[in-house]
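First the structure, in the form of structure tokens, and then the observations on it.
The values are calculated or read from the model by the stated rules, or taken from the named source; none is laboratory data. Here the structure is a predicted model, which is why all the values come from computation and not from measurement. Reconstructed Cβ throughout: ideal geometry from the backbone, glycine too, with neighbour counts over all protein chains shown. These area figures cover heavy atoms from the full protein model, side chains too; ligands, DNA and RNA do not enter into them. Shrake-Rupley method; radii C 1.70, N 1.55, O 1.52, S 1.80 Å.
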Amino acid sequence: LGNCGKPFKFAEKWGERVITEFYLQGDKESNLGLPVTPMNNRETCCFEDCQIGFLNFIIIPMLEILANSIPELSLNLAFAKENCEMWKLRLARIKSEKP
């Protein structure tokens, strides 16, 4: 959770590590003949969409509440909001490059 409230260069690397773990889990599910969890499916999951959703629905609301009680977390909240915008830009670039 903490990586989402750090500068993008760190959040991006940790996000890639997490999604890699999810994709490996999906590969195992597939190899065992189990239904693959949507977020673990490397063929259909959009990494950027996952990051945007996680930030918008979990991280940013959580940090908004925490920053009210712990003002020092306001910087983490600002980074999380900035990171969400970076993921949105990246997603827009990817979509614009698709035929």
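Relative contact order of the chain: 33 percent, from C-alpha pairs under 8 Å at least 6 residues apart in sequence. For I65, the solvent-accessible surface with a 1.4 Å probe is about 120 Å², rounded to the nearest 10. Simple point charges give the picture: +1 on the Cβ of Lys and Arg, -1 on the Cβ of Asp and Glu, and for the chain a dipole about the Cα centre of about 220 debye. Model label sites at L91 and F8, defined 7 Å from Cα along the beta-carbon direction, differ in position by 1.5 nm. Considering only P61, N31, S96, whose Cα is most displaced toward the positive end of the charge dipole of the chain, charges sitting on Cβ of Lys, Arg (+1) and Asp, Glu (-1)? The Cα lying farthest towards the positive end belongs to S96.
Could you tell me which label, among [x] 11, 13, 11, 11, 10, 9, 8, 7, 6, 5, 4, 3, 2, 1, 0; [y] 16, 40, 29, 13, 2; [z] 14, 40, 20, 13, 9, 4, carries the value of P(r) over Cα pairs in 10 Å bins from 0, in percent calculated for this structure? Given [x] 11, 13, 11, 11, 10, 9, 8, 7, 6, 5, 4, 3, 2, 1, 0; [y] 16, 40, 29, 13, 2; [z] 14, 40, 20, 13, 9, 4, the calculated one carries the label [y]. Of all lysines in the structure, not one lies under 16 Å Cα to Cα from K95 without also being fewer than 8 positions from it along the same chain.
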